[in-house]
Amino acid sequence: MTGEEILAEVMNAVIEGEEELAEKWVQEAINQQIDPLEVLNNGLTKGIEIVGKKFADGYYFLPDMLLGAKAMERGIGLLEPLLVGEKRKAAGKVIMGTVEGDLHEIGKNIVVMMLKTAGYQVNDLGVDVPAARFVEAVRAEKPQVVGISALLTTTIARQQEIIELLIEEGLRKEVKVIVGGAPINQRWADEIGADGYAEDAMRAVDLVRNLLKN
Ligand code: B12
């Protein structure tokens, strides 16, 4: 079997929501020494994108999306130790979370994983995180960067709410704010006064690196 065929099986396992198959094929990819990042980007992520498309088109329903997410998470679990590797001296501290009312965490978790891989210390606040909790964490933990994820058009306004609360509490200048999630773009980031936006986890790492340079 070629690497491409294995990645196609990984992708299909996510589309079909087959956890066991996702595990089997990700393990096979690892055995065949396929770059774990490639398995993530060209196998698992491709699969979940197709799941989202099928949902949008009315072919899939919520339980199908949930099964796809579970299959993806199982695959990520196998890749994580290979990606994160050994602990290094912290390059900086980042707080991450998904906004209140939003339960999407796969993308955020990948960003967390990539930042850890790049040597950052990351405190993941989880999902459905109220604005006040973000602000409290900034006050208490003094991170250099706070990352806010939102996946629903109905929850992206929460990113703005968090920035406004940071301003109100006199903490805005203490921390760089970065935003992300499928519906987010640079224009939205500018509009709400965020310091940066990145469309995927690799770019998120570059963004944090650049922000901490200045
Ligand atoms: C999996 C999934 C779910 C799972 C989530 C499971 C989990 N544990 O996370 C479940 C089944 C729970 C779910 C529920 C719902 N979902 Co949903 N879901 C998805 C799906 C298919 C994939 C999301 C995902 O994981 N993508 C893969 C990751 C890798 O990509 P990502 O999240 O975009 O993250 C990357 C970047 O955005 C970026 N990034 C992410 N966060 C951050 C943060 C920072 C700071 C930075 C810099 C970068 C960054 O880096 C990441 C890695 O590269 C999307 C479809 C899609 N195309 O997004 C729909 C989607 C987001 N869901 C949708 C909907 C409608 C819902 C529900 C409302 C459905 C319902 N009727 O109940 C509920 C809402 C529940 C809630 N309150 O949150 C819609 C949203 C439409 C809209 N316009 O708002 C989508 C777009 C599907 C669709 N096409 O209609 N969902």
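The values are calculated or read from the model by the stated rules, or taken from the named source; none is laboratory data. The model shown is predicted, which means the values in this text are computed figures rather than measured ones. Cβ: placed from backbone, ideal geometry, glycine included. Neighbour counts: every protein chain shown.
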### Message
Looking only at segment 106-136, filter to residues that are closer than 18 Å to Ala150 by Cα and of a type in the set (Lys, Arg); which one of those is surrounded by the fewest Cβ atoms within 10 Å (Cβ to Cβ)?
### Response
Arg133
### Query
Does Ala132 satisfy being hydrophobic (A, V, I, L, M, F, W, C), out of contact with any helix residue (DSSP H, G or I) (no Cβ under 9 Å at 6 or more places or on another chain) and more than 8 Å from the ligand (Cβ to nearest atom)?
no
### Task
Determine which member of the set Val138, Val205, Val175 is among the β-branched types (Val, Ile, Thr), closer than 30 Å to Leu37 by Cα and at pLDDT 95 or above.
Val175
#### Entry: Flag if Glu38 is farther than 22 Å from Val145 by Cα and surrounded by 15 or more Cβ atoms within 10 Å (Cβ to Cβ)
no
## Note on the structure
Of the conditions (1) part of a loop (DSSP other than H, G, I, E, B); (2) surrounded by 16 or more Cβ atoms within 10 Å (Cβ to Cβ); (3) touching a residue at least 24 places away in the same chain (Cβ under 8 Å), the single one that Leu103 does not satisfy is (2)
### Task
Select from segment 185-214 the residues that are aliphatic (A, V, I, L, M) and more than 7 Å from the ligand (Cβ to nearest atom) and write down the one among them that is farthest from Ile156 (Cα to Cα).
Leu212
### Subset tally (residues that are assigned to a helix (DSSP H, G or I), away from the ligand (no atom under 11 Å from the Cβ) and surrounded by 17 or more Cβ atoms within 10 Å (Cβ to Cβ)) for segment 137-160
4
### Query
For segment 106-128, which residues satisfy the criterion of being more than 14 Å from Ala198 (Cβ to Cβ), of a type in the set (Val, Ile, Thr) and in a helix (DSSP H, G or I)?
Ile106, Thr117
### Query
Which of the residues that make up segment 168-193 are crowded, with 16+ Cβ neighbours inside 10 Å and under 14 Å from Val94 (Cβ atoms)?
Val175, Lys176, Val177, Ile178, Val179, Gly180
